[in-house]
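*Asks:* Okay, here's the structure, questions in a sec.
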Amino acid sequence: GGAAAAAAVEERPPNPLMMGMDPPSYVLWALRTVKPAELEQSLLLLPLSHVERALFYLVANLRAGRGVEVCARGAVFLVKAHQNQIVANRSLVPPLRELRRLLRLRLGGMRDTVGFNLAALRAAGRAAAERRAERELGRSD
């Protein structure tokens, strides 16, 4: 029963409307094709009945570490825009907890990477300024 049904789902041919992608990858592709300035307006067009499914795919992408920035922006906006309906829907509590955990994990890792890269850029800038100063001193002699 259950194993055969799971195997049948895995063997399903790719959906040509989703360009052969799995649903989370297609959602990520769709979000990336929207201009950043228009993302929130586009998400407002999503019917409330689809918000839960969208959050599910955003969580799946965050779990895989794909499209962290756009998924974080989309998820936070959807939660803010539909806060009252989400609070009333108890079935969304577990995915929201998972979303919170993943956002902290992924965005914390990105913040650390940005901080490390920024420190490296500053060190490289200081080294370049020192070399420039040494060359200018060498010319003035």
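Derivation of every value follows stated rules applied to the coordinates shown; laboratory data play no part. Treat the numbers as computed from the prediction; the structure is a model and nothing was measured. Reconstructed Cβ throughout: ideal geometry from the backbone, glycine too, with neighbour counts over all protein chains shown.
*Asks:* With the requirement that a residue be buried (at least 18 other Cβ atoms within 10 Å of the Cβ) and out of contact with any Phe, Trp or Tyr (no Cβ under 6 Å at 6 or more places or on another chain), what does the stretch 31-53 give you?
*Replies:* Within the stretch 31-53, L31, V51 meet the criteria.
*Asks:* Give the number of residues within the stretch 84-141 that are of a type in the set (S, T, N, Q), free of Cβ contacts under 8 Å to residues at least 24 places away in the same chain and closer than 27 Å to R53 by Cβ.
*Replies:* Residues that pass the stated criteria total 1.
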